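**Q** Would you mind keeping the following structure in view while I ask a few things?
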Amino acid sequence: IDRRGKFPFLVGGSGQYVWSLLRGFHLPQVPPNEALRSELGAIAEKEGGIDWLFAQLQEADPVAATRIDPRNVRRVIRAIEVTRATGVPFSQVGKVEPPAYRTLIIGLTAPREELYRRVDERVDKMLEAGWLDEVKRLLEMGYDPKLPALSSLGYEELIAHLRGESDLASATAKIKQRTRRYAAHQYTWFRLSDERITWFDITKVKGPEIAEAVATFLGQAC
C-alpha cells in the first residue's frame with residue numbers, strides 16, 4: 001500500500017496480529033502438527049477439556065496465557081504446539097524487527113457499563129438483521145460447524161440452538177456474555193496506560209476530533 005503511494009489504515013481488534021505488525025514480530029515458522037492438534041482438539045471437546053488445555057498453557061507459558069482468550073481453542077492449541085516444537089515459550093519465539101515507518105495508534109474506549117450496553121445492543125441488532133438465518137443457511141450448504149470461520153463469537157451458540165441444544169434466549173445471553181468478556185480482554189492487549197496509543201472516549205469525543213488527530217499526523221508525516 002505504501003509503495004503505491006497510499007496511506008494504510010489497519011483497523012481491527014486482534015491484538016496479537018496488530019502488535020505483530022506494528023512492532024515487527026516475525027512469527028514462528030512452525031508447520032502444523034495435525035496429530036497433536038487432533039489429540040488436543042479431542043481433549044478440548046470433553047467436559048472440562050478446555051480448562052485443562054489452558055492450564056497446560058499457563059504452566060508452559062504464563063505470559064502467553066495472559067494474552068490469549070481461554071475459550072479460543074485454536075489459539076491455545078497453537079501456542080502449545082509452537083512451545084512444544086521449539087522448546088521455547090510461545091511468547092518468546094520469533095525475532096523483532098521494528099518497521100521502518102511511523103505510526104499513529106488510535107484506541108477507542110468507553111466506560112465499562114457503556115461498552116457492555118453497546119455490546120448487548122449490537123448482538124440484538126445482528127439477530128434482528130438475520131444472523132440466525134445466515135447460520136442456518138451455512139449449515140444447510142454443508143459447512144462443517146468445526147470450521148475456524150464458524151468458531152467466531154456467536155456462531156457456536158447459534159449452531160447449538162439450531163440443533164435444539166438451547167433456546168434462543170439462552171443462546172443470545174451466552175453470546176452477549178462471551179462478547180463482553182472478549183471486549184474486556186482487549187484491554188490486555190491495548191492498555192489504557194500505553195503511551196503509544198492515542199485514546200478517545202467515544203462517549204465524550206466525536207468523529208471530527210478523531211479525524212483532526214489523523215489529519216494532523218498526516219500533515220506531520222508528509
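**Q** With every protein chain kept in place and ligands, DNA and RNA left out, what is the accessible area per residue of the range 140-203? Probe 1.4 Å, answer in Å².
**A** Heavy-atom SASA per residue in the range 140-203 reads 61 Å².
**Q** For all pairs of alpha-carbon atoms in the range 95-164, what percent lies in each bin of width 10 Å, listed from the first bin to the last filled one?
**A** 15, 32, 22, 21, 10, 0
**Q** Moving to a separate point now. Is the chain rounded, prolate or oblate when judged by the Cα gyration tensor, a ≥ b ≥ c being the square roots of its eigenvalues, rounded requiring a/c under 1.5 and prolate requiring a/b larger than b/c?
**A** oblate
**Q** Lys/Arg Cβ at +1, Asp/Glu Cβ at -1, dipole of the range 120-222 taken about the Cα centre: which of A149, L168, V135 is farthest positive-ward?
**A** A149
**Q** Related question: Averaged per residue, what accessible area in Å² does the range 61-106 show with a 1.4 Å probe, protein chains only?
**A** Value for the range 61-106: 57 Å² per residue.
**Q** Students sometimes get this wrong: rank K176, K125, K146 by accessible area, probe 1.4 Å, all chains present, largest first.
**A** Largest to smallest exposure gives the sequence K146, K125, K176.
**Q** Please get the size of the charge dipole for the chain, origin at its Cα centre, with Cβ charges of +1 on Lys and Arg and -1 on Asp and Glu, quoted in debye to the nearest 20.
**A** Value, rounded to 20: 620 debye.
**Q** For the range 39-171, just list the percent of Cα-Cα distances falling in each 5 Å bin from zero outward, please.
**A** 2, 8, 13, 14, 15, 16, 15, 11, 6, 1, 0
**Q** For the range 32-65 and the range 176-200, what is the separation of their Cα centres, given in Å?
**A** So the separation of the two Cα centres works out to 25 Å.
**Q** Starting from the amide H of T198, placed 1.01 Å from N in the peptide plane, find each other amide H under 5 Å away whose residue is 5 or more places distant or on another chain.
**A** Close amide H contacts, sequence-distant or interchain: I105, I106, G107.
**Q** Relative to 2.2 N^0.38 Å, what does the C-alpha radius of gyration of the range 69-110 come to as a ratio? Two decimals please. The partial results should precede the final answer.
**A** Numbers: Rg = 15.3 Å, N = 42, 2.2 N^0.38 = 9.1 Å.
Here the answer is 1.68, to two decimals.
**Q** Can you work out ³J(HN,Hα) from phi for every residue in the range 166-171, in order, using Karplus 6.51 cos²θ - 1.76 cosθ + 1.60 and θ = phi - 60°, giving whole Hz and x for Gly and Pro?
**A** Karplus values, whole Hz, x for Gly and Pro: 7, 7, 5, 5, 5, 4.
**Q** Which is the longest part of the chain that has none of the GluC sites (Glu not before Pro) sitting in a DSSP loop with at most 14 other Cβ atoms within 10 Å?
**A** The segment 48-164 is the longest one with no such site.
**Q** So which of K174/K206; K125/K146; K136/K174; K6/K204; K174/K204 end up more than 22 Å apart by C-alpha?
**A** From K174/K206; K125/K146; K136/K174; K6/K204; K174/K204, over 22 Å: K174/K206; K125/K146; K6/K204; K174/K204.
The values are calculated or read from the model by the stated rules, or taken from the named source; none is laboratory data. Remember, predicted model here, so these are calculated numbers, not experimental data. As a convention, Cβ positions derive from the backbone with ideal geometry for all residues, glycine included, and neighbour counts pool all protein chains shown. Accessible surface areas use protein heavy atoms only, side chains included; no ligands, DNA or RNA. Shrake-Rupley method; radii C 1.70, N 1.55, O 1.52, S 1.80 Å.
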